[in-house]
Amino acid sequence: MKKSKKERVTELLDLPKEVLLDTPKLTVYSDNQLTVENYGGILEYTDCYIRLKTAGKTIAVSGRGLELRAITDVDVLVEGSISRIDYLTV
Amino acid sequence: MLLVQLVNFIRGYAEILIEGIFPERFLNLCARRGIYLWNVRRAGKLSVSANVSARGFKMLRPIARKSRCSVRVRTRRGLPFFTHKHRKRKAFLLGAALFGVMLFVMTRFIWVIEITGGENLPREELLTALAAAGLKPGVAARAADTDAIEREMMTRRRELAWIGITIQGTTARVNVREREEAPAIFPKDEPCDIVAATDGVIEAIDATNGGRQVSAGDVVRAGQVLISGTLESASGAEVRYVHADGEVLARTWHEFYVEIPRYEEVKTRTGRAKSKHMLKIFNFYIKFFINDGISYTNYDRISSVKNLSVGESIVLPFSFHYDKYYEVEVTMREAERGRAVELAAAGAHERVRGLQIIDLRREETEDGLRLTYECLENIAQKREITR
């Protein structure tokens with residue numbers, strides 16, 4: 001896959017990818033907490049399934065008792081029992 | 001997380017229920033417009049519950065319309081709502097405000113003085129000296145100039161080698177170091193005699209300066225001149241004074257007699273007890289009992305004090321005193337002899353520490369223990385010559 005100009009610049013300067021690009025950054029603690037930075041929006045939210053829009057693929061989180069502990073413009077904090085995280089190409 | 005909760009509480013927030021076919025759209029719009037939502041939970045097929053700040057709540061109406069959702073407030077929480085609810089209760093508000101002011105004012109003063117170190121210095125004296133220097137319970141923490149107090153203490157109390165004062169909250173921690181007295185050194189150029197420090201039998205005598213007066217095997221009394229600093233010429237006409245010096249090793253006896261009690265007191269609780277409670281505010285005691293004496297002839301008193309404090313260093317001048325009086329019956333019991341003897345011997349042993357012990361004689365009688373230590377020690381002691 002051919003890399004974009006922006007991507008090449010960030011790699012050249014060793015910048016964190018989520019800063020210049022809109023790449024989502026996921027931080028997972030065990031199976032009970034997930035932070036998604038640089039998300040584009042919530043597509044679907046139920047207590048067992050969440051879909052988040054990002055610049056690239058759609059992130060789908062499955063589990064039980066999922067809650068959105070905090071929602072801000074740039075990140076979303078999911079808590080609950082997470083069973084899987086999928087990247088969907090729609 | 002606790003801090004975040006505290007901030008949310010102070011600012012006030014509402015628990016809302018968002019109902020609609022597509023509540024996700026509502027959430028996205030909130031995020032886009034900078035309205036912080038937290039604890040978002042699915043409440044039902046068509047509803048989501050969430051928390052929103054009081055300020056954010058006011059901006060929800062256009063978002064609700066745009067996302068075709070309805071927003072209902074379930075509960076309002078936090079300080080703004082609480083004060084709003086109780087705004088008509090003037091006395092309550094006044095009390096709350098007064099509490100805040102009092103707490104603030106109280107924490108500006110020093111209420112506790114903690115002294116560490118200097119185990120041999122009497123605490124009472126140190127406290128009175130500190131009070132005279134300007135540090136006592138009740139002084140304003142800002143007014144207490146620790147450097148000046150330290151200096152004043154150092155000049156006033158000779159026995160201090162060092163003093164450090166730190167003020168933390170309402171507690172002043174005072175760290176003291178005791179000065180160790182320098183041993184008295186007899187000036188080298190002053191003439192002196194060497195005398196016996198204690199009674200004994202001379203074992204060996206080594207005079208580096210002065211005239212030897214005794215020899216090995218002699219029995220000497222305490223104070224007797226062993227090496228003289230007064231030197232006479234052969235004719236006896238001329239007298240010269242020197243600084244006598246040397247070591248005199250002698251056999252000495254140290255006798256200790258310890259009484260061994262035949263009976264000892266045994267206290268047993270009868271099961272009857274009384275308790276008294278007191279509240280101490282500054283230096284005033286408020287008693288929670290009618291002033292009746294304790295009628296028990298013998299009793300054990302167990303006191304406990306609970307200080308009102310915020311954290312460890314912010315101690316307020318309020319404390320709760322709790323005294324419990326247990327009635328006890330005192331009976332005499334034959335003392336356990338072995339233990340008493342051990343204790344007596346240990347005490348005696350401590351006093352001959354550092355001496356070379358040659359022999360130990362123990363004489364045990366019905367009511368006492370006599371310990372005689374035979375030791376080898378240097379009994380040389382310098383004494384000024386009185387001309």
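The values are calculated or read from the model by the stated rules, or taken from the named source; none is laboratory data. Fair warning: this is a prediction, and the values are worked out from it, not measured in the lab. Cβ coordinates were reconstructed from backbone atoms using ideal geometry, including for glycine residues, and neighbour counts include every protein chain displayed. We work out accessible area using only protein heavy atoms, side chains counted, and drop any ligands, DNA or RNA first. Shrake-Rupley method; radii C 1.70, N 1.55, O 1.52, S 1.80 Å.
Some notes on this structure:
- Karplus 3J(HN,Hα) series, Hz, for region B:298-306 with 6.51 cos²θ - 1.76 cosθ + 1.60 (x for Gly, Pro): 10, 8, 9, 10, 10, 10, 9, 10, 10
- Across the options B:106, B:134, B:96, the greatest Cα extent toward the positive end of the charge dipole of region B:86-182 (unit charges at beta carbon of Lys, Arg, Asp, Glu) belongs to B:96.
- As a calculated quantity, the FRET efficiency between residue B:346 and residue A:29 at R0 = 51 Å, using C-beta atoms, amounts to about 0.25.
- Take the Cα of residue B:124, go 7 Å toward its beta carbon, and the backbone nitrogen atoms of region B:157-188 under 20 Å from that spot belong to B:157-160.
- Region B:186-285: GluC sites (Glu not before Pro) in DSSP coil with no more than 14 other Cβ atoms inside 10 Å: B:238
- Subset of B:90/B:280; A:25/B:66; B:188/B:382; A:3/A:57 violating a 18 Å alpha-carbon distance limit: B:90/B:280; A:25/B:66
- Each of B:286, A:71, B:222 was scored by the projection of its Cα onto the charge dipole of the protein assembly as shown, and the greatest displacement toward the positive side belongs to A:71; charges sit on the C-beta of Lys, Arg, Asp and Glu.
- Value of [θ]222 nm, deg cm²/dmol, for chain A, DSSP H segments ≥ 4, -39500 (n - 2.57) each, nearest 500: -3000 deg cm²/dmol
- Note on residue B:166/residue B:283: beta-carbon distance plugged into 1/(1 + (r/R0)^6) with R0 of 30 Å gives a FRET efficiency of 0.75.
- Solvent-accessible surface of the protein assembly as shown, taken per residue with a 1.4 Å probe and all protein chains present: 65 Å².
- Reachable aspartates and glutamates, given that their alpha-carbon falls under 15 Å from the alpha-carbon of residue B:58 and they are not under 8 places away in the same chain: B:15
- For chain B, the Cβ-based charge dipole about the Cα centre amounts to some 6980 debye (Lys, Arg positive; Asp, Glu negative; other atoms uncharged).
- Applying 1/(1 + (r/R0)^6) with r as the Cβ-Cβ distance of residue B:334 and residue B:256 and R0 = 25 angstrom yields a FRET efficiency of 0.55.
- Gain upon complete extension [residue A:11, residue A:46; 0.36 nm per residue less C-alpha separation]: 8.9 nm
- Paired Rg and Dmax values of region B:265-333, which use every Cα atom, in angstrom: 15.7, 49
- Residues of type lysines that residue B:287 reaches as a straight line, Cα spacing below 30 Å, ignoring anything fewer than 8 places off in the same chain: B:136, B:267, B:274, B:276, B:306, B:324
- With kT/(6 pi eta Rh) evaluated at 20 °C and eta = 1.002 mPa s, and Rh the Kirkwood radius from Cα pairs, the protein assembly as shown diffuses with a coefficient of 64 µm²/s according to Stokes-Einstein.
- Within the shell of other residues whose beta carbon sits under 13 angstrom from the beta carbon of residue B:109, the net charge comes to +3, with Lys and Arg scored +1 and Asp and Glu -1.
- Inverse of mean 1/r across different Cα pairs in region B:173-303, Kirkwood, Å: 22.3
- Region B:65-223: radius of gyration over Cα atoms, expressed as a fraction of 2.2 N^0.38 Å: 2.30
- Between residue B:10 and residue B:199, the simple label model (points 7 Å from Cα in the Cβ direction) yields a spacing of 8.0 nm.
- Spatially, region A:23-78 and region B:4-83 are offset by 19 Å when compared through their Cα centroids.
- Normalised by 2.2 N^0.38 Å, where N is the number of residues, the alpha-carbon radius of gyration of chain B equals 1.88.
- One Cα centroid belongs to region B:244-280, the other to region B:346-371; the line between them spans 17 Å.
- Here's the list of aspartates and glutamates a cross-link from residue A:17 could span, going by alpha-carbon distance under 13 Å and ignoring same-chain residues fewer than 8 apart: A:7, A:37.
- The residue among B:231, B:146, B:4 whose Cα reaches farthest toward the positive pole of the charge dipole of the protein assembly as shown, with charges on the beta-carbon of Lys, Arg, Asp and Glu, is B:4.
- The simple spin-label model puts a point 7 Å past each Cα toward its Cβ; for residue B:43 and residue B:82 those points are separated by 2.4 nm.
- Residue-count net charge about residue B:246 - beta-carbon cut-off 13 Å; Lys, Arg +1, Asp, Glu -1: -2
- Fully extending the segment from residue B:240 to residue B:90 would add 44.3 nm, taking 0.36 nm per residue of separation and subtracting the current Cα-Cα distance.
- Global form of chain A, assessed from the alpha-carbon gyration tensor, a/c cut-off 1.5: prolate
- The HN-Hα couplings worked out from phi for region B:110-118 by the Karplus form 6.51 cos²θ - 1.76 cosθ + 1.60 (θ = phi - 60°) are 9, 10, 10, 10, 10, 10, 10, x, x Hz, whole numbers, x standing for Gly and Pro.
- For region A:64-78, backbone phi angles converted through the Karplus equation (6.51, -1.76, 1.60; θ = phi - 60°) give residue-by-residue couplings of 10, x, 6, 10, 9, 5, 7, 10, 10, 4, 9, 9, 9, 10, 9 Hz, Gly and Pro being listed as x.
- Only protein heavy atoms count here, probed at 1.4 Å, and on that basis chains B and A bury about 1400 Å² of accessible area in total.
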